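What follows is a short report on a single structure.
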Amino acid sequence: MKKSFLIFMILVSTLVFAQDKFNRPDWENGEPEACTTLLIGKKATYDGSTITTHTDDSHRDWACMKMVPAKNHPTGSMLTLVTREKDDSHPMPRYKFVPIGKIPQVEHTYGYINTNYPSMNEHQLAIGEATFGGREELYSDKGLIDCYQLCHLIMQRCKTAREAIDLTEELLAKYGWRDYGECLTIADPNECWYIEIVGPGKDKVGATWVAVRIPDGHATMNANASRIRKIDLDKPEQFRASENVFSTAIENGWWNTEDGEFEFCYAYASRSSFSARRREWRVLSMLAPSLELSPNAENFPFSVKPDTLVTKELLVKIYQDYYEDTPFDMTKNLLVKGKDGKYIKSPVANPFMHYDMNKMLRINGGWDELGERTIARWYTMYGTITQSRSWLPNEVGGVVWLAWDNVATSIYVPIYNSVTDVPESYKVPGRKTGYTRTSAWWGFNRLSTIAAHRWGEMRHDVGDVWNKWQAEMFLNQSDVENKAAHLLKQNKEKAVEFLTDYTNKWGTKVYKKAWELGDFLWTKYDEKF
């Protein structure tokens, strides 16, 4: 009876996973089911890069990317601002863009890598994003600028992180924030700034926000919960904020000076979500295990000094994490009897199961009404790791490592901010067209979906291929960049062409292999499905 029940539960959980894949709500129990982003100072990385990262955890977003070139605009021209609305009129759920107003256009906009939420511009300014929601009372539809729009405006108009903060202050004061609580992690070749933004309140125009400079030797992150606590505006080199940061909290009764020091996250948001807090614990513990952080803590240090200099390899490991070998491993209690008669982890147990099934199974006793989730997710659209480097020319120093779909079954490819084009498979709008083998995203999405059905076995088949290729790309990076920098001194066009060819070679190679791997798994495990 026990064995039959275990088999039944495993099969049901697998079916629920498959059926729910394209029907996930945008919000789970009032909490955003969204992104994870890191921000790392130049003295905390292995080569002196500033780094920010991002996973776009929403299957309504783009399934493609493109390079946006620098442009000149006629004096007096206007820029149309848009808001995103759900659009279910195409083969796949997606967003449509609805015009809501116009603002003056600048005479020149910078080129940038547009990965839905843009990731880096031609000046090596990089950005990551994570939604934290905040108080619903703060939302106002009187504003014109949401997070998606702000990220694009920053990429188009700013060279440095401080310019990005200045632009945020200017635009939101004048045109207003039309969104829920959002975190942006912003890195230029020299420094990193972290900003949290919420709305001004119903029927108001403006915003409430705080920005914090990350120490050069530290790293921080956001996993869908506000993390800024105490602020000191007498230290403008470390903190900046909107003029209403205290007054709005007082007016609404969210903070009283008699109650103690002001803490942004408690005035404007919440620290109740285990979905966020467990990821915070995991990321910060992987960066600085010596701190011995408690997984059940309500708060963690805003930033930490990593125990060792942060490498790209460590960041890949962090983003592929699903709590394996911790008390919160989401697969350890799903068992089958092995050949020796002992119970072992089932090969069909996967860490990307539907929330309701996890609650029913009471996995590890850690599931509550707010739910938990891993860093790696099946509904990730893409993941990025950026590098901005002050000692290299912009054309070579800025690179975005891009992985499609669930990063646990994916591989990061370098896209330099100067390249003029990306592989055709990267530009196919898969959410609009529906399933197509011409799309890189669909290739990785299919691979992830197949691998999830026998995760305990198939992930090793996938890793055997990607791990070698990932190591090869990381190892070759210095040689490629040295050659590009040398070419740049002689002929800029040839240097850009060289980097474009390199990006396209690897992008095309992994796109083709993702489809081959999916076919291989389907064939190898046919009798076990």
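Which entry in (1) 24.5; (2) 27.0; (3) 23.8 is this structure's computed Kirkwood radius over Cα pairs in Å?
The value computed from this structure is option (3).
My understanding is that a pair violates if its Cα-Cα distance is over 29 Å; which of Lys102/Lys505; Lys483/Lys513; Lys71/Lys96 do that in this structure?
Lys102/Lys505, as the Cα separations exceed 29 Å there.
Which percent of the accessible area of the range 401-497 is formed by carbon and sulfur heavy atoms (probe 1.4 angstrom)? Mind showing how you got there, number by number?
On the way: 1920 of 3850 Å².
That fraction is 50 percent.
Applying the Karplus parametrisation 6.51 cos²θ - 1.76 cosθ + 1.60 with θ = phi - 60° to the phi angles of the range 180-190, what ³J(HN,Hα) value in whole Hz is obtained for each residue in order, glycine and proline being reported as x?
With the stated coefficients, the range 180-190 comes to 8, x, 9, 10, 10, 10, 10, 10, 10, x, 10 Hz.
Once ligands and nucleic acids are excluded and a 1.4 Å probe is used, how much of Glu313 is accessible, expressed in Å² to the nearest 10?
The accessible area of Glu313 comes to roughly 100 Å².
Compute the length gained on full extension between Thr438 and His73: take 0.36 nm times their separation in residues and subtract their Cα-Cα distance, giving the result in nm to one decimal.
128.0 nm
Note down the accessible area of Glu457, probe 1.4 Å, to the nearest 10 Å².
Approximately 50 Å² of Glu457 is accessible to the 1.4 Å probe.
Give the ranking of Phe264, Phe274 by solvent-accessible surface, highest area first, calculated with a 1.4 Å probe. It would help to have the intermediate numbers written out before the result.
Values: Phe264 0, Phe274 45 Å².
Order by accessible area, largest first: Phe274, Phe264.
Give me the percent of the accessible area of the range 91-170 that comes from carbon and sulfur atoms, probe 1.4 Å, all protein chains in place.
Of all accessible area on the range 91-170, carbon and sulfur atoms account for 45 percent.
Can you give the accessible area of Cys151, probe radius 1.4 Å, in Å² rounded to 10?
The accessible area comes out at roughly 0 Å².
Over the chain, what is the relative contact order in whole percent, taking alpha-carbon pairs under 8 Å and six or more residues apart?
Contact order relative to length: 17 percent.
Got a sec? What order do Arg431, Arg229 fall in by accessible area at 1.4 Å, biggest, i.e. largest, first?
My answer, sorted largest first, is Arg229, Arg431.
Using heavy-atom solvent-accessible surface (probe 1.4 Å) with all chains present, what is the largest-first order of His486, His218?
Working: His486 105, His218 50 Å².
The residues order as His486, His218, largest area first.
The values are calculated or read from the model by the stated rules, or taken from the named source; none is laboratory data. Just so you know, these numbers come straight off a predicted model, no measurement behind them. Just so you know, the surface numbers come from the protein's heavy atoms only, side chains and all, with ligands and any DNA or RNA stripped out. Shrake-Rupley method; radii C 1.70, N 1.55, O 1.52, S 1.80 Å.
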